[in-house]
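Data block below; observations after.
The values are calculated or read from the model by the stated rules, or taken from the named source; none is laboratory data. Small disclaimer: the values here were computed from a predicted structure and weren't measured. We place every Cβ from the backbone using ideal geometry, glycine too, and count neighbours over all the protein chains shown.
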Ligand code: BES
Ligand code: ZN
């Protein structure tokens, strides 16, 4: 073990430089004109995995973005861990708010700044570097390892169900390991046991069939932007609860013991407000902010489009208005059913003077993970050894669609061992990764693979 940890420690400069190389590739999955960069990132990873000594490394095309796969199966009789990560990233805009170029990674203090630094290139790289340390120093791994890296996580993993269905045999494993979340604080590791699901929709409101002069028509024609604003205002009640009838029907109530457990977590609401840049939290007063973030569903408007937004003034009644709306779901809400409930409510609240249309974009199921399985103990052991602190258990508000796909399609449980921090600014300008935890992550991953063995 000492040799392997030393091997990893001595390679720190190279580990950082290689990660920087990967981060330079702007693999933005949602933008169609970034297809070549997505392909480039997939090829880069495949070449890197081959160089590490992984076998059967292949870039599998899918309907949209490729899946990169590789394996090392030289530990007969030992368990097999399927390590998942995603090499796609979110768009970098608003660009002017970045202190350095999002795709020209920069180290400032203890942080590495770049789009994808924490979400998820930096975190998937942790495991590649742990594998490298083993293979370089001992030419073998303590367990069998399969790696699956996808390029569509940020857009809902829509090609993965088919990929998994077509590669059931290839993906057989005992447990899934995912590092795509964060821990509570730099020195306080945490294991995520709950993730929210997602129903993402686009709501279009159509008014007149072309833009109209607001003088000649204003007062007699319903403005679709105004209509959309009225409709959006009806999506929540005055307490901040989602107002869609039936929305909460399947929400599993929080047990008293879970509430007590969440209340014991070292959560600092003032720090949360400071980090988010808000003066106070918002939402259903019947739940604490932490409960609302992890264990309660939401509805959010992600963006609005319509009318004239250029410099100066233009006097029109626009023909259309559009809203992008996401709903974060918790067990046992069903993403498709939620889309239907949303659509019927929209029908009900659409004024007769305009037309509305709802289009679903993607879905992800919420997940609650088992904490009583041996691999969870291995994760605890690994965090203890890697960070010197016993991990806590948390529920997260984000979504990782593949978690329920692995469970439903392959019967596999996942372990969510994140190495990011709550203030990594995921999906925002100045995304970053706290480098001390990149290296502690590599140590923890080394310990995790060891702890998974029969002996461990
Ligand atoms: N890494 C995040 C998920 C995450 C964020 C987990 C914070 C835990 C804490 C992931 O890459 C992500 O952003 N997923 C999307 C999925 C969606 C498009 C279905 C999300 O949550 O918005
Ligand atoms: Zn991610």
Exercise for the section: Inspect all residues belonging to region 8-26 and state whether any of them is surrounded by fewer than 14 Cβ atoms within 10 Å (Cβ to Cβ) and under 24 Å from the mean Cα position of the chain (by Cα). Expected result: yes
Problem - Restricting region 412-430 to residues that are within 9 Å of ligand 1 (Cβ to nearest atom) and outside any loop (DSSP other than H, G, I, E, B), the residue that is farthest from residue 116 (Cα to Cα) - result: 416
Practice task
Would you check if residue 433 is in contact with a strand residue (DSSP E or B) (Cβ under 8 Å, 6 or more places away or on another chain), within 16 Å of ligand 2 (Cβ to nearest atom), on the phi < 0 side of the Ramachandran plot and assigned to a helix (DSSP H, G or I)?
Solution key: no
Exercise for the section: Report whether or not residue 176 is crowded, with 21+ Cβ neighbours inside 10 Å, within 16 Å of ligand 2 (Cβ to nearest atom), touching a residue at least 60 places away in the same chain (Cβ under 8 Å) and more than 21 Å from residue 64 (Cα to Cα). Expected result: yes
Handout entry: Residues of region 103-116 that turn out to be touching a helix residue (DSSP H, G or I) at 6+ places or on another chain (Cβ under 6 Å) and closer than 17 Å to residue 186 by Cβ, as a count
Key = 2
Exercise for the section: For residues that are within 24 Å of residue 267 (Cβ to Cβ) and more than 9 Å from ligand 1 (Cβ to nearest atom), tally how many sit in region 395-411. Expected result: 2
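Residue 194: part of a strand (DSSP E or B) and either within 13 Å of ligand 1 (Cβ to nearest atom) or touching a residue at least 60 places away in the same chain (Cβ under 8 Å) (or both), yes or no?
yes
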Practice task
Scan region 42-63 residue by residue and report those that are surrounded by 17 or more Cβ atoms within 10 Å (Cβ to Cβ) and in a loop (DSSP other than H, G, I, E, B).
Solution key: 53, 54
Exercise for the section: Determine whether region 168-183 contains at least one residue that is touching a strand residue (DSSP E or B) at 6+ places or on another chain (Cβ under 8 Å), within 14 Å of ligand 1 (Cβ to nearest atom), modelled with pLDDT under 95 and under 18 Å from residue 400 (Cβ atoms). Expected result: no
